[in-house]
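Please treat every number below as a calculation from the coordinates, not as lab data. None of the values given here were measured: they were computed from a predicted structure. Cβ placement follows ideal geometry from the backbone for every residue including glycine, while neighbour counts extend to all protein chains displayed.
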Amino acid sequence: LQYKVNTMNTEWAAQNLQTIRTLMERSALYRRAMAPITLTIGTIGFVSAIAAIQMEGISANHFILWWLATAAIAMTSALFLMKRQASQEGETFWSAPARKVAQAMAPAFVGAGLLTLGLLLPSSAPAAMETDLKVSLIPPLLILFYGCGVHAAGFFIPRGVKLFGWIFILSGIVLWVSPVQTWLGAHTANAEMGLFFGLFHQIYGVYLYITERKEPTSES
């Protein structure tokens with residue numbers, strides 16, 4: 001029995017070592033693939049924020065559902081781009097390295113989604129107060145958890161991704177503890193979402209494109 005356990009541990013370690021080696025070998029490819037994905041997410045977030053700001057008198061539940069729908073559209077678009085890029089490169093889309101990255105990001109993303117859905121539950125607070133409180137809590141919550149997920153993925157994709165995640169983490173904490181945050185209305189909350197999930201992603205996508213052109217590739 002001890003021999004069987006040792007053999008299983010050895011095989012498990014070898015599989016993980018191979019997965020890590022593959023991730024490091026493909027890190028440049030993954031980083032290059034992130035540029036169009038980041039720009040797409042940023043464009044969706046920015047357009048969604050602009051559209052949301054134009055709406056008047058929305059409730060907390062409408063605000064939550066609007067941004068959950070935006071997140072779903074952004075994630076679907078990102079998965080579509082990743083699948084297309086994998087096909088163009090002759091790679092398997094749901095490979096062992098891809099599963100590792102997904103597993104690293106999943107706790108933060110699932111946690112953010114469940115907590116946000118939890119805010120849809122009714123409370124005993126007055127309607128106006130409930131709307132202001134929930135709307136003010138959502139941007140810091142999503143920004144913080146998103147940063148945690150991106151930072152986790154950054155262990156497999158070097159150069160800047162973890163720093164990008166830390167920007168979101170620290171910004172989410174600052175917004176969460178800021179006494180001013182609870183006074184903000186839906187327009188400002190939408191602007192915060194557009195800033196972080198729109199403009200910041202667009203800037204980072206442009207940065208990835210520029211730095212990728214300056215870096216020598218393995219084929220050159």
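Here are a few things to note about the model shown:
- Backbone N under 12 Å from the residue 207 label point (7 Å along Cα→Cβ), restricted to the stretch 160-187: 160-168
- When peptides 51-58, 148-155 are ranked by their average number of other Cβ atoms within 10 Å per residue, the highest-first order is 148-155, 51-58.
- Contour excess over end-to-end distance, with Cα ends at residue 87 and residue 106 and 0.36 nm allotted per residue: 4.5 nm
- Cβ charges +1 (Lys, Arg) and -1 (Asp, Glu), total dipole of the stretch 56-214, debye: 620 debye
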